[in-house]
Amino acid sequence: MKKAMLFFAALLFSVNASAATLTLVGDAANAGTVGISSGQVVTANWSSSVGGGETVDDKYTLTTDVTSGGYLSLTFNTLADNTSVSVFDGVNTVEPTIMSIASLGVVDYFWVLQAATDYVISIFIESANAGSNYDLRVETPIPAALWLFAPALMGFFGLRRRAQVAAA
């Protein structure tokens with residue numbers, strides 16, 4: 001029993017040690033605000049406070065402590081005609097495609113986040129519709145190896161126990 005408890009403690013420590021921590025900071029002039037600023041998931045959002053025609057030019061700086069994958073999810077409700085999103089890493093600018101689904105705009109973008117690199121996520125809406133908003137979410141996925149490794153070890157413990165019971 002002690003070995004099993006030590007194994008689970010080590011497994012939890014390894015997950016915690018390998019997980020990247022994201023930090024999200026919004027510019028002072030942003031219309032949008034940061035919801036969760038640190039952790040494996042960071043968020044920001046904006047909601048229109050006027051009747052329409054508002055211009056939004058928000059910038060968020062994203063950093064991570066270790067190199068890992070990053071998943072950017074962004075939803076616009078409703079999608080205005082002149083809306084754009086870009087990610088700048090200090091050298092290159094990438095403009096993920098905004099998919100239109102009915103009146104919504106959706107961005108799904110995955111990239112490799114380098115440690116100690118500032119990524120600037122820019123959101124531009126030239127003329128926001130009345131009552132429009134956006135929701136920004138960046139997360140680092142849990143390594144797939146963990147989900148495969150843990151059940152395999154549990155199976156080995158089960159086989160070992162079965163062998164011990166059969167031997168007794």
Spot the failing condition for Arg161; the list is (1) more than 21 Å from Asn30 (Cα to Cα); (2) at pLDDT 90 or above, and only one is missed. (2)
For the range 19-37, how many residues are out of contact with any Gly (no Cβ under 7 Å at 6 or more places or on another chain), surrounded by 13 or more Cβ atoms within 10 Å (Cβ to Cβ) and either among the small types (Gly, Ala, Ser) or outside any strand (DSSP E or B) (or both)? 7
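The values are calculated or read from the model by the stated rules, or taken from the named source; none is laboratory data. Note that the structure is predicted; figures quoted are calculated from it, not measured. Please note: Cβ atoms are built from the backbone with ideal geometry, for glycine as well, and neighbour counts cover all protein chains shown.
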